[in-house]
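Only one structure is covered here, and it is reproduced in the block below.
The values are calculated or read from the model by the stated rules, or taken from the named source; none is laboratory data. Note that the structure is predicted; figures quoted are calculated from it, not measured. With ideal geometry, Cβ positions are generated from the backbone for all residues, glycine too; neighbour counts draw on all protein chains shown.
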């Protein structure tokens, strides 16, 4: 396919280019040295075209000099394949040139351990390496894009299967990153070349339609240009005017992806007006609308609200006198340079200024806020393919532009929700989100954001944080990964607290058999330095271990050398002067020093055998039994010591339980079925649906004999499909 013809350059052409803006003899000498080094190391190497390999390096260097890059970037362009193809070491590059050059070349070198593989894993690892390096030094990707552009220009010489593989990779990875960096001149050429090799028939079809359309409209365009020029001259506005034709790939997307007909594409041909100031841009817009009718809904102000890749321009679509529809773009010269060259135009090398690549990188990240996300995605994705999938969806395909109340633009993929927006603003904003306002109106968290929306996230420090239901709401990998990490950490903490309480209760039950209460147990554990005998730092760690029988409670008892008392002794020790009395085994709770009082379990905290309990002497209603942590008795004075009767017969007590889950069909049926299987009586059950988060909260009162059985129930409930939290509640 010899369709594309490009001029060939020599090193002198490259030198003529960079000597227009680099005049320091030392810098020029360093570049010359790099060229000689590359010639020497690549001697005898040839490309598929039959040309010496140095030709490729010269062309890559020529492309980067078109962006007025600095000496180091030109040197890296000449040396970028020396480590991969010439057995040159990074140490040699660092010593011969600089550590900075070696670091950049390393980023552009394929991973040696995978270099003989051509599968998706190898490609993903190579891409990840480059993008992580780019997030630290954007000059790396400038060289890589130039390298890929020249490879695409010479793709004819490759076998067809390799042409298609390289073209697909270019379209999916390198054209999108060129777009995100605003380097439109490279992005458009990469897209057109990729389409030509992937779908040549459609490329040629669109090219033919475009040529015919252009021929038919050329005279009309010239008439329009003259009319606009005469008007602007009369208004004393300085300007340049030209026509531009939409790229073939852009037209292909509208026809074959969006389903538009060729005649329905209004911006195939556009008139571009370059003027001096922003004020001039708006003046020109007003004058054009005074002589041509604008199409409603087709005006876009990217000057006031730049795109995330720094693109700025005014776009308006008008109906011309010939009845055809044209797009008119209005911008300053600086905006035009950034529109074509993006980041490469904004940070052109300026000799004489103290160049600091770190300061430059920081400035770039401030302008291109998404650039720092490459690092965060790296920490979130261990697998390179997951990393690239996340970038593809969250960054490359981000074409919905939403505004914060202060005017910051947040770019998101199609279908993104306020939760995605919140996490893109800051992870803390996402974690504390409780609601969202879009364009001043309250919307559910499932609302799909659109370009132009102004989104405000309502947060609360008392927010319970993300739940499993949020995973069904968010569309970005970044938000999903953070929510998963949050929930995993939360589950670890919750499970630890549960295990601490469970292990402590298990040990306390055994200690009661020996006549010791909870306080005495803790004192004995500390006095006997029990932690020295086990690999735990704190008693809580030990209790958590006991919950999983590591160690078993019998090991603690043996280590302390406890001798078991009879139950009568335990009761005597607790009940003191009343110890001679006998107690009914049907009596669940024993009251110290008080007899023949009505004893009832408080419904607010629903204590279970195994809980620490306290008695509250109420007026005329006997003794109410509460858990010691119950907030309802914290300020009370009429408290009395009580204990669970170790000889009581098995009986059940009410427990209030809440189950949080993702909303789904048959959830309640599955929970009730589980209760039936476990033979757990249920006194009442109800469910409350939260439509904003697509979650449900099931509240129920169940009957259980002790806290060990309660934990068994909780462990079973958490395994019900969709359930992400089970907790005991007070009322």
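Condition check ((1) loosely packed, with under 13 Cβ neighbours inside 10 Å; (2) touching a helix residue (DSSP H, G or I) at 6+ places or on another chain (Cβ under 9 Å)) across all residues:
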| site | (1), (2) |
| --- | --- |
| 229 | no, no |
| 236 | yes, no |
| 241 | no, yes |
| 246 | no, yes |
| 255 | no, yes |
| 266 | no, no |
| 270 | no, no |
| 285 | no, no |
| 322 | no, yes |
Problem - Identity of the residue in the range 46-61, more than 12 Å from residue 81 (Cβ to Cβ) and touching a strand residue (DSSP E or B) at 6+ places or on another chain (Cβ under 8 Å), that ends up surrounded by the most Cβ atoms within 10 Å (Cβ to Cβ) - result: 52
Exercise for the section: Output the number of the condition that residue 209 fails; it satisfies all remaining conditions of (1) at pLDDT 90 or above; (2) in a helix (DSSP H, G or I); (3) over 33 Å from the mean Cα position of the chain (by Cα). Expected result: (1)
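Mind checking which residues of the range 21-45 are surrounded by fewer than 17 Cβ atoms within 10 Å (Cβ to Cβ) and either in contact with a strand residue (DSSP E or B) (Cβ under 6 Å, 6 or more places away or on another chain) or in a helix (DSSP H, G or I) (or both)?
Here is the first cut: in the range 21-45, the ones surrounded by fewer than 17 Cβ atoms within 10 Å (Cβ to Cβ) are 21, 23-26, 28-29, 32-33, 36, 39-40, 43-45.
Matches in the range 21-45: 25, 26, 28, 29, 32, 33, 36, 39, 40.
Say whether the condition of being in a helix (DSSP H, G or I), in contact with a strand residue (DSSP E or B) (Cβ under 9 Å, 6 or more places away or on another chain) and surrounded by 15 or more Cβ atoms within 10 Å (Cβ to Cβ) is met by at least one residue in the range 153-174. Talk me through it step by step, then tell me what you get.
Of the range 153-174, the ones in a helix (DSSP H, G or I) are 153, 155-157, 160-174.
With in contact with a strand residue (DSSP E or B) (Cβ under 9 Å, 6 or more places away or on another chain) added as a condition, the list becomes none.
No; the residues of the range 153-174 include none that is in a helix (DSSP H, G or I), in contact with a strand residue (DSSP E or B) (Cβ under 9 Å, 6 or more places away or on another chain) and surrounded by 15 or more Cβ atoms within 10 Å (Cβ to Cβ).
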Exercise for the section: Could you tell me which of the residues 201, 240 is assigned to a helix (DSSP H, G or I) and modelled with pLDDT of 90 or more? Expected result: 201
Exercise for the section: Hey, could you check the range 679-694 for residues that are surrounded by 11 or more Cβ atoms within 10 Å (Cβ to Cβ) and at pLDDT 90 or above and say which is nearest to residue 446 (Cα to Cα)? Expected result: 687
